[in-house]
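Scroll down for the structure; my scribbles are underneath it.
The values are calculated or read from the model by the stated rules, or taken from the named source; none is laboratory data. Because the structure is a prediction, the values reported are computed rather than measured. Backbone-built Cβ (ideal geometry, glycine too); neighbour counts: all protein chains shown.
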Amino acid sequence: MPTVARRALSPIRLRVRPGGVLPILALLAVLLVLVGLRQPDFLDPPSLMSFLGRSAPVILLAAGQYFVIVSGEFDLSVGSLVTAQVVVAARLIDSDPARTWPVVLLLLVFGALVGLVNGLVTTRLRVPSFITTLGMFLILVGAVYLWSDGAPKGGLSEEFRRFGRRASEDVPLLGRVPYALLVLVVVAALAVLLMRSDFGRTLVAVGDNPRTAQLSGVRVWRTRTVAFVLSGLAAAVAAILLGGYSGVSFQAGAGLEFGAITAVVLGGVALGGGRGSVVGAMLGALTLELLFALMNFYGVSGALRSTVQGAIILLAVAVSATRSSSR
Amino acid sequence: MRRCLAALAAVTLLSLTACATDEPGGGPAGGSTSAAGSGTGEQSKFFVQADYDAELALLDATPTGPADKPWEQMLNPTMVDTSKFRKAGPHKLCFSNAALNNPWRQVGFKTMQAEVAAQGSRISEFVHVDAEGKDQKQIADINDLLGKGCDALIVSPNTTATLTPAVEAACKAGLPVVVFDRGVSTKCPVTFVNPIGGYGFGHVGAEFVSQRMKPGGKVLALRILPGVDVLETRWSAAKVAFDKAKVDVVGVEFTDGDPAKTKKIVDDYLQRYGTIDGVWMDAGAVAVAAVEAFQDAGKPVPPINGEDQLDFLKVWKDKGLTAIAPTYPTYQWRTPVIAALRILDGQQVANPWKLPQPTITQDNLDRYLDPGMPPLHYAMCGCTDLPGYPQRWK
Amino acid sequence: MSALSLLPARRPVPGVFVALALTLAVGWLVVLVDGGQLFNQATTVSLLHVAAGLGLVAVGQTLVILGGSLDLSVAYVISLSTLVAAETMNGSDGALLPAVGLALAVSAGVGLLNGLLVTRFRVNAFIATLGVGLLLKGYLDSNYDGPAGATSPALVQSLGYQRVGPVPLSFLLLLALTGATWFALSRTRFGHHLVAVGGDPEVARLSGVRNDRVLVTAHVLCSLCAGLAGIYLASRLGSGAPRVGTEGLYDLESIAAVVIGGTALAGGRGGVVGTVGGVLLLASIDAIFNQLEVDAFFKQVIRGVVIIAAVAVYARRALRKGAW
Amino acid sequence: MPDPPVPLLTLRGIGKSFLGVRVLDGVDLDVAPGEVHAVVGENGAGKSTLMKIVSGGHAPDAGTVEVAGARQAFRGPRDAQRAGIGIIHQEFNLLPERTVAENVHLGHEPVRRGLVDRRAMRERTRELLASIGETELAADTRVGRLGVAQQQVVEIAKALALDARLLIMDEPTAALADHEVELLYGLVRRLQQRGIGLLYVSHRLTEVFDLSDRITVLKDGRRVTTVATADTCTDDLVRHMVGRELSSYYPDRAGPDEPGPVRLTVRGAGNRKLRAVDLDLRAGEVLGVGGLQGSGRSALARALFGVSPFTTGDVTLDGRPVRLRSPRTAMRAGIAYVTEDRKGEGIVPRQSVLDNALLAGRAVFPARSGHAARARRVRDLLAAVEVRAAGDDQEIRFLSGGNQQKVVLARWLALDPRVLLFDEPTRGIDVGAKSAIHDLVRRLARDGAAVLMISSDLPELLGMSDRIVVMRDGRIAGELPAGATEEDVVALAVGHTPQSRTEIDR
C-alpha cells in the first residue's frame, strides 16, 4: 500500500505548483535578458551590486508585506510608515552623528510599535486589516506632517546615511558591495530561516485556515500580530536604508505599499493568505525594480511607464491565475 | 485587454479631434504653437509664444518700488482703480489655499501668516481654508467663504482652468478678489499677483545648463509630475532653450518628487550614456538627490539647476558645483495681503502685479545661504524682517 | 418602520446615521462657541457639494464591495470621464448629450475590463483594479499636461451650480442614484444575486446564480457611477482635469465611506443607504474642521481614527449577534 | 397518469478526470419518476462528483446526460435547474445574512414587471414550508438566526422551490438528529408520490434500505452494480462497496479491568450552552456521548477543549484542578480534540500532509528533541495510521476525506494526549477508513488514553462505547451502560416526549 513513507516527488513538480517561485524566476530571467541585450555592462558585478543595493529597501518591504499577506491580511500602512520614519529620524538626529545609533534603535521600536497597533486592532477589534492599515496610513501621514509643520526638519547624519548610501569597498570578485545589500542578504536569510521555522509554518497555516490553526492551539491573533510587527520592522529597516540612500523627504515612502503588495503578488503569493514563499515575494520586488531600470534603459516615456507596469502586472497575474485555477 | 485597448483607442481618437481649440478669454491656450520643438519633441499645448516672449522680456526689466522689498515691487505695472472697494478697517481677510502639502507652500504660508501678524492692527480676522490639493474642495471652500462676510478674498488656485468658475462666482458676489501663484482664466479678480513665471524659471535654468556644457552634450531633464500647469510652462521654456542651443536632451523623466526614484533614474542614465553633461530640473525638490547620484557613481556633477532650497544651496557651496538656482520666490505670499489691504484702502494696485523673480548665482550664493535655517527652507522668502523670524520658519 | 423593513437585509438604521447626527450636533456646538455658524447656507451648500462628488463614486463602490470585490481604479475613471466629457462638449451645449453618453460609455468599458479581469482571468480584485488604474494613469499622464476641454455652459449652470434652496442639484442626483441603487439591490434579481455572490460565491453559484455575469455587471455599474461623478466634476470645474480623481483620493475615500456606512468589506452585508451616511459623515467632518480652521493634517489623523473606530464598532456588533 | 416509459434521468458512460486522475469512468445510471435511487460507495468512489455532474456543477469528460429523454449539456447549475434538477447539498448552501425567503428563491426570484415580487416570495416560501410540515418558521427571519435543523428545512424548501422533477439529496441527514430524520422520511415519501425522482446519496445504510427502490454501488469511480433494494441486504452491499464482509465492524470493547482510574472529572460545569454538567472519564475507556444535534454534545467537547470554556463549575485532570481557558491550555493539559467540521476547522487545505500533521505540535510545544526528530516521529505516525498520499509534501486538499481525517489524527497522536475528544470522527468517511478509525480509537483507549466520542450514528455509538451519556438541552440527561439499545438512547435524547424541537444554536 502506498503510504506517506514514499517521498518520491521530483523537485521540478514541487516548484511549478501554485505558489512556487518558478514563474517569477522565468519573468526575472526574461527581463535580465532584455536588459543584457540593451545594456550589457549592467550585468557586470559593480553595477549589478549597486542595483541590488538600491533595490534593497523595496525588497525588504516586500518581505515584510509577505508575512502579513501570507497570514491572510494586508498592510497598506508601510509606505506612510517609511515616510514617517525618515522624517522622524531627520528631526531627531538633526545632523548630530552621536545620535545615529539611538535613533536607529528608536526607529526599529517605532516600526514594531506601529505594527503592533495594526496587528492588535486587526485581531482584537476585528477590523479588516485593509481598513486598519488604511486608517493607520492616514494617521501616520497626518501626524508626521502635523509634527513637522509640513516640511521635514533637521537632517540625517552621514553615519546614518552610510547604511543606504555607502559600500564596502574592495571586496574580492565583486568589487563594491553596498551596505544595503549586506543588510538585505542578512535580513533575507533571516526571513527564509523564519519561514522554515515552526513560526513560519504556523503563519502560513493561519493564513490558510485560521479556524483549524486556532483549534490546533495556535494563538491566531498573536501570530498575525507578530506578522504585522515584522512588517513594521521591515519598514523600519527599509526606512533606514531608504533615508540613507536618498535623504529626507515627504515622498520617501509614497506609494511603496502598493509597490510591495504588487511585488508580493507577482512573486506568486496568494492575497488572502496560505500560499507562497518569502523568496518569491522578494524576487517579485526585484523583478519590479528591474522593470523600472529596464524602462530607463529603453527610454520608455516617463508618462507611459505606469501603463507598461500595469500591463505587465495584469498579464503576469492573469496568466498565473488562469493557469493555476485547477477546478 | 482588447476591449481596454479599444476603449483607449476611442479616447485617443477623441482627444485628437477635440482638443484643437480651447475656451476663450485670456486662457493660456489659443496661442500659436509655432515653437514646435525639434530635438525635444512636440511643444506642449501650454506653450504660448506671446507669454513666453513677455516673460523673457520681464527678466531684464527694472522693477518699480522699494529695492529692499521685492515683494512690493512691480514689473511694468498697469495700475487699476480700486476706489469702489474702499472700506473702513480693520478688515476680515479670507484665504482659500490650494494646499499645504509641500515645503514651498509651507514656507509661503508661514510668510503670509507673518505678514498678517505684521499688519495686525489693520486685520481683524484672517480666515484660512486648505483645499488639500483638491479642485472640488477648493470650489466648495470658496463658496463657503462667500457666506462668511469676508472683506476681501485671496485665492491661490489649485488648477488654473478648473477654479475659474468658482473665482468668477466670488467676483460676482462683489468682494475684491486677489489671485496669486497660479492664475485663473478670467479677468474678474482685482489683481493677479505672481512673479515672472514658469517660462522665466525654465529658461534661466536651461540657458545656464546649455551654456556651461559642451555643444551637443547630453542633458537629462528631471520633472516632478506631468499635468501641473506651473511645471509644464517651465519645461516648455526649457525645451525652447535646449533646441536653440542644439543640445541633446537624452531623457525627460518624472520623479514624483521622490529622491530615491530620482537617484535610480540618474544612475540608470549614467549607466546608459556613460556621461551626462547637464541636468535640468523643473523644481528643486530632488536637486540634492540628483547631485548625490553623480557623487555616488563617482562622476563629476555636471552643470545643474536647482531652486532656492537651502539643502541645494549648501551642497552647491560645499561641493563647488556649477549651478544656478532660478527661483519662484515664496515672498509672493506676502504680496496678496498687502494688495488686499491696499485695495480696501482704495489705493491703486498693479494688475497683473508682476513680482521680480531673482536668480541665485555663484556671485550672490553666499547672500542667500543661511546655515541656521532648516534644509528645506526657501531662501527667497523675504521673511527676515517679519515678526517671529527665524523661529516661525524653523 | 414599514419602509425600513424593506431594507435588503432587514437591518436597523446603520449606526452611521447616529454618528452623523452626533457629529453634526457636537460640531454645531463647537463651531458656535468658536463664533461661527455651521449651518449657514454657504456652508451647507459646500458640504453637500463635497458629499455629492464623493457620494456618486461611493454608491458605485458599494455595489462592488457588496459583491465581495473592490475597485481601486475609480479615481482614474473619474479623471478620464471629466476629460472625455469636457473635450467632447468643447464648450458647446449642442454636444452635451453625446458627450455624457460617451463619457459613460468609456467608463463602462473600463468597468467591463475590471469585471472580466476579476471573473474570467481570476485576478484578485485588488490587483486587477490597481493594474487597470495604472494603465489609465499612463494614458492620462502621457496625453494630458493639464486641464483640457470645456464643459458645456448649460451643464455647468445646471448640474454644476444649480440648487434648490440649500440643496445642490448634484446632491439631488446623488439621492436619486442612491434610491435607484437601493431599489436595484432590494427589488431586482441582480441585487439579490449580487448580495448572494458577496455573501458566499459558492452558494450563489450552486443556486444557479451566474456569478461572473453579476460581478461584471457590478463592476460596470461601479465604473458608470465613477463616470457620472466625473461628469459632475467636469460641470463643477468647467473643464476636464486629468488629476482630479487622484487628487481627491476618490479611490480610498470611497472605500472608507462604504465601510463607515456599515457595508462589510468582505461583501454580502450592508447597503447603499449606509454609504450615503458615511459620505455625509466624512463631508461633515470636513465642514466642521473647515469652520474651525483646523490643520488639514490633524483632520487626516481624525479621519483615520474615525474609519478604524467605525469599523471596529460594526465588528463588535456583528460579534455580539453571535452564531455566525 | 401512468409513468411514461422514458426515465427522468439517464446517464450513459459518464467519465471525469481531475488533474489527470480518473474520478469517474463509464458510469451508467437512470432514475424513473417517483423512484428513490440510492447511490452508495466509499468516500472517493465518485459519488459527489457524479452528483455535481448531474446538477451542472461539473461538466463530464465523457458520456451523456439525458433528462426525460432529451440530451443535456449543462454549462452550470442554472441549466440543470432549468431542466428540473434540484440538489440538496451535504453542506448548507445558505446565506446567513439573508432571509429564509431570499435564500429559498435565490437564483430564481419571482419577478413581476421586471421587479422582484417580495410578497410572492414570502407567500411561496410559506407554502413550501407548510408543504413539508414546517409552519413555525417565518419567511422573513434571517437564516443566520436559525438552528441547524431549521436550516436543513430551508435547504429542502429551497430545492423544492424550483419545481424539480428530479431531486438529488447528498447526505441529507448528516446534520439531522434522529427524530428529524423521521420528518425527512415522510418528506421523501411525499415527494415520491408527486412523481418526483430522487437520487439519494448516503453513508447511512439504514436510511438507504428504508427509503430506496434501487441502489447503485460505486467503487473507485466505476459502477459496481445496481440492484433493487428488495433483493439485497446490508452485508451484500458492504461487500460490494469495500469488498469484504460486514463482520468485524467494531473492535472489541474494553475488558472489565481495562478502565483505569478516573482521569477527568467535571462537576457542576456550565456555560452559555451547557448547564450543570457532571462527568467522569476514566483512562482506558471510550465514553460515548449521544443526543440530538444542538443538545450540547459538541458544546461539551468544545468546553473541555477550551474553545468555548466553562464559565462555572470545576474540572480536574488526574486529580488536579485545571482551568481550560483555551485550546492551548487544554493541549498543555494533555487534551486533544478532533472536530466534526473537518474541512472548516480540521485541516489547513493548501499545506502539505506533513505540515498539517505537525501543526499542533509546532504551535504549542517547542521541539525539545529537535525538529528533525519530531518530523521523523510524525512521519512514522502518518505511516502507522496508513495515510494514502502521493507523498507527505502533497497538499492535503487533494486527499480523500478519510485520509484527511487520518492526518488530523496523526496530528493529535503526536502530542501523546491523555484525553481524546472525538466529535463525529467518522462523519462523511468511507466504510474502509471508518473501521480503521474505529480500530485506532479502541487501540488508544487500550493504551491508556481516556476517550470521549460524540456520534450521531447510533450503531457506531453503541458499537464503540464502553459507557454512553446522553445529552439534552445542554444537560446530561442520563447514562447508559454498554449494551444499551438504540431505543434507550433515543428515549433519553428526546426526554420521552417525542418531537421536542428545542434547538440550541451551535
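Structure summary
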quantity: Output for the range D:380-394, where each listed residue is surrounded by 22 or more Cβ atoms within 10 Å (Cβ to Cβ) and either in contact with a Phe, Trp or Tyr (Cβ under 9 Å, 6 or more places away or on another chain) or not in a loop (DSSP other than H, G, I, E, B) (or both); calculated: D:Leu382, D:Ala389
quantity: Filter result for A:Val141 (more than 8 Å from chain C (Cβ to nearest Cβ) and in a helix (DSSP H, G or I)); calculated: no
quantity: Residue list for the range C:251-285, filter: more than 14 Å from chain A (Cβ to nearest Cβ) and over 25 Å from C:Gly36 (Cβ atoms); calculated: C:Gly271, C:Val272, C:Val273, C:Gly274, C:Thr275, C:Val276
quantity: Test result for C:Gly240, buried (at least 21 other Cβ atoms within 10 Å of the Cβ) and touching a residue at least 40 places away in the same chain (Cβ under 8 Å); calculated: yes
quantity: Pairs where the first residue, in the range A:197-216, is more than 7 Å from chain D (Cβ to nearest Cβ) and part of a helix (DSSP H, G or I) and the second is surrounded by fewer than 22 Cβ atoms within 10 Å (Cβ to Cβ) and of a type outside the set (A, V, I, L, M, F, W, C), C-beta under 6 Å, 6+ apart; calculated: none
quantity: Test: residue in the range C:286-308 that is within 12 Å of chain A (Cβ to nearest Cβ), β-branched (Val, Ile, Thr) and touching a residue at least 60 places away in the same chain (Cβ under 8 Å); calculated: no
quantity: Conditions (1) without any contact (Cβ under 8 Å) to a residue 60 or more places away in the chain; (2) within 30 Å of B:Val286 (Cα to Cα); (3) in a helix (DSSP H, G or I); number of the one not met by B:Lys110; calculated: (1)
quantity: Options C:Asp145, C:Asp71: the member that is closer than 20 Å to C:Leu177 by Cα and either of a type in the set (D, E, K, R) or in a loop (DSSP other than H, G, I, E, B) (or both); calculated: C:Asp71
quantity: Single residue of A:Gly155, A:Gly115, A:Gly142, A:Gly119 found to be touching a residue at least 24 places away in the same chain (Cβ under 8 Å), surrounded by fewer than 24 Cβ atoms within 10 Å (Cβ to Cβ) and either small (Gly, Ala, Ser) or more than 22 Å from A:Ser249 (Cα to Cα) (or both); calculated: A:Gly155
quantity: Filtered residues of the range C:149-195 (kept if free of Cβ contacts under 8 Å to residues at least 24 places away in the same chain and among the basic types (Lys, Arg)); calculated: C:Arg187, C:Arg189
quantity: Hits in the range D:395-404 - residues which are in a loop (DSSP other than H, G, I, E, B) and surrounded by fewer than 22 Cβ atoms within 10 Å (Cβ to Cβ); calculated: D:Ser400
quantity: Test: residue in the range C:41-52 that is assigned to a helix (DSSP H, G or I), away from chain B (no Cβ under 14 Å) and without any contact (Cβ under 8 Å) to a residue 40 or more places away in the chain; calculated: no
quantity: Subset of the range C:95-105 (residues that are surrounded by fewer than 24 Cβ atoms within 10 Å (Cβ to Cβ) and in contact (Cβ under 8 Å) with a residue 40 or more places away in the chain); calculated: C:Ala95, C:Leu96, C:Val100, C:Leu104
quantity: Residue tally, condition surrounded by 14 or more Cβ atoms within 10 Å (Cβ to Cβ) and out of contact with any helix residue (DSSP H, G or I) (no Cβ under 9 Å at 6 or more places or on another chain), over the range B:81-98; calculated: 1
quantity: Hey, B:Ile343 outside any helix (DSSP H, G or I), among the β-branched types (Val, Ile, Thr) and in contact with a strand residue (DSSP E or B) (Cβ under 9 Å, 6 or more places away or on another chain) or not; calculated: no
quantity: Verdict on A:Arg176 being within 14 Å of chain B (Cβ to nearest Cβ) and out of contact with any Lys or Arg (no Cβ under 8 Å at 6 or more places or on another chain); calculated: yes
quantity: Output for the range D:221-234, where each listed residue is part of a helix (DSSP H, G or I) and surrounded by fewer than 12 Cβ atoms within 10 Å (Cβ to Cβ); calculated: D:Ala230, D:Asp231
quantity: Residue in the range D:427-450 that is within 16 Å of the chain's Cα centre (by Cα) and within 11 Å of chain A (Cβ to nearest Cβ) present; calculated: no
quantity: Matching residues in the range D:282-301 - criterion: being under 18 Å from D:Val322 (Cα atoms) and in contact with a helix residue (DSSP H, G or I) (Cβ under 9 Å, 6 or more places away or on another chain); calculated: D:Ala283
quantity: Residue list for the range B:192-227, restricted to those being under 26 Å from C:Lys137 (Cβ atoms) and not charged (D, E, K, R); calculated: B:Gly198, B:Gly202, B:Leu220, B:Ala221, B:Leu222, B:Ile224, B:Leu225, B:Pro226, B:Gly227
quantity: Condition check for A:Leu242: at the interface with another protein chain (Cβ under 9 Å from one of its Cβ atoms), out of contact with any Lys or Arg (no Cβ under 8 Å at 6 or more places or on another chain), in contact (Cβ under 8 Å) with a residue 24 or more places away in the chain and crowded, with 24+ Cβ neighbours inside 10 Å; calculated: yes
quantity: Unmet criterion (only one of (1) closer than 18 Å to A:Gly299 by Cα; (2) within 11 Å of another protein chain (Cβ to nearest Cβ)) for B:Val247; calculated: (2)
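Here's the yes/no breakdown for (1) touching a Phe, Trp or Tyr at 6+ places or on another chain (Cβ under 8 Å); (2) assigned to a loop (DSSP other than H, G, I, E, B):
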| site | (1), (2) |
| --- | --- |
| B:Val129 | yes, no |
| B:Gln136 | no, no |
| B:Asn143 | no, no |
| B:Asn158 | no, yes |
| B:Ala161 | no, no |
| B:Lys187 | no, yes |
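Every residue, every condition in (1) assigned by TED's automatic domain parsing to the domain that holds B:Pro77; (2) in contact with a His (Cβ under 6 Å, 6 or more places away or on another chain); (3) surrounded by fewer than 23 Cβ atoms within 10 Å (Cβ to Cβ), yes or no:
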site	(1), (2), (3)
B:Cys171	yes, no, yes
B:Pro176	yes, no, no
B:Arg182	yes, no, yes
B:Lys187	yes, no, yes
B:Phe208	no, no, no
B:Pro215	no, no, yes
B:Val219	no, no, no
B:Val228	no, no, yes
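Rundown of residues vs (1) assigned to a loop (DSSP other than H, G, I, E, B); (2) in contact with a Leu (Cβ under 8 Å, 6 or more places away or on another chain); (3) without any contact (Cβ under 8 Å) to a residue 40 or more places away in the chain, yes/no style:
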residue: D:Val40; (1), (2), (3): no, yes, no
residue: D:Ser48; (1), (2), (3): no, no, no
residue: D:Met51; (1), (2), (3): no, yes, no
residue: D:His58; (1), (2), (3): yes, no, no
residue: D:Thr64; (1), (2), (3): no, yes, no
residue: D:Arg71; (1), (2), (3): no, no, yes
residue: D:Arg75; (1), (2), (3): yes, no, yes
residue: D:Arg78; (1), (2), (3): no, no, yes
residue: D:Ile87; (1), (2), (3): no, yes, no
